[in-house]
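Reviewing the structure listed below.
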Amino acid sequence: MILQLSITAFLTAIISAIVGMGGGITLLAVMLQFLDLSIVVPIHGAAQLTSNTSRAILFFKDISFKHVKMFLIFLIPASCLSAYFLSVVQLSPHSKIFLKGFISIFIFISLYFPFKKWKILTPIFSNFYFAGGLSGFFSLIVGATGPLVAPFFIHSNLKKEMIIATKATCQLLVHSIKIILYIKVLNFDFQNYTNLILSMMVCVVVGTYVGKKILVNYVSEKLFVQIYKVVLTLVAFKILFRDCIYEWIQLW
């Protein structure tokens, strides 16, 4: 299991370094084949914290701290609310499916809604205060929130390296808070999975380095936007059909 997940962590880190997303939710999907969701979410958070930190370091000069500060404002209170919610409420499988369905629909709307005709809605999908609140609340519940906040970056007019760097910085804050809350509030013991976590951490750092080389040398600004939208669309379809419709059928 450690070998399979470490290789997956390496490959998905390359994807995230090139596109800025997609890797985290892919890694989460693979981990769920080996471990229960209650175990996967915190371990996945540790791996993604390393992945996003390494991207933030490698792309440090491209970070838009203006957007990071806005993202952080509601991230912390929303994360604490989510941790309290999980500590007192046991979510049913049906409830989790509905939450994942919300994420997929949100992605589709943000990508394909005719904002030029309905400009009044544009501020919602480019508001980083709102993005931080959404990410904070859903992070502890569903694990991977990268796709949920990705649309905000496509509407931000940031360049490709700035999107990678800023999104990585925002996500490392998300995972840092999530891990702290899992230890302090939800009492998760990371020491039971030390070997797996360390192995995945090493692999995501190497994968991030490889991915950055590919992004800088072979991916143009136009191609980046095209790949970004295609990957985000595929992720939304995956969430809708695999995580919502298929799981709903399985429950029945």
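Each residue in segment 109-128 was checked for being surrounded by fewer than 16 Cβ atoms within 10 Å (Cβ to Cβ), part of a helix (DSSP H, G or I) and either at pLDDT 75 or above or not polar (S, T, N, Q) (or both), and 7 of them qualify.
Consider residue 222 carefully, then state whether it is under 22 Å from residue 154 (Cβ atoms) and touching a residue at least 60 places away in the same chain (Cβ under 8 Å). So residue 222 does not fit the description; no. Being over 23 Å from residue 181 (Cβ atoms) and crowded, with 20+ Cβ neighbours inside 10 Å is the requirement here; does residue 8 meet it? It is true that residue 8 is over 23 Å from residue 181 (Cβ atoms) and crowded, with 20+ Cβ neighbours inside 10 Å. For residue 34, the conditions (1) crowded, with 17+ Cβ neighbours inside 10 Å; (2) at pLDDT 85 or above all hold with the exception of (1). Close contacts from segment 169-198, counting a first residue that is in contact (Cβ under 8 Å) with a residue 60 or more places away in the chain and farther than 16 Å from residue 138 by Cα and a second that is surrounded by 21 or more Cβ atoms within 10 Å (Cβ to Cβ) and aromatic (Phe, Trp, Tyr), with Cβ to Cβ under 9 Å and a gap of 6+ residues or different chains, come to 169/59; 169/71; 188/182; 190/182. Taken together, 92, 82 contain a single residue that is among the polar types (S, T, N, Q) and either under 25 Å from residue 233 (Cβ atoms) or at pLDDT below 80 (or both), which is 92. Can you say whether residue 99 is of a type in the set (A, V, I, L, M, F, W, C), in a helix (DSSP H, G or I) and at pLDDT below 80, as far as the supplied structure shows? Criteria met by residue 99.
Going through (1) at pLDDT below 90; (2) within 18 Å of residue 53 (Cβ to Cβ) one by one, residue 206 falls short only on (1). The number of residues in segment 164-183 being out of contact with any helix residue (DSSP H, G or I) (no Cβ under 7 Å at 6 or more places or on another chain) and under 11 Å from residue 52 (Cβ atoms) comes to 0.
The values are calculated or read from the model by the stated rules, or taken from the named source; none is laboratory data. None of the values given here were measured: they were computed from a predicted structure. Heads up, the Cβs are rebuilt from the backbone with ideal geometry, glycines too, and the neighbour counts pull from every protein chain shown.
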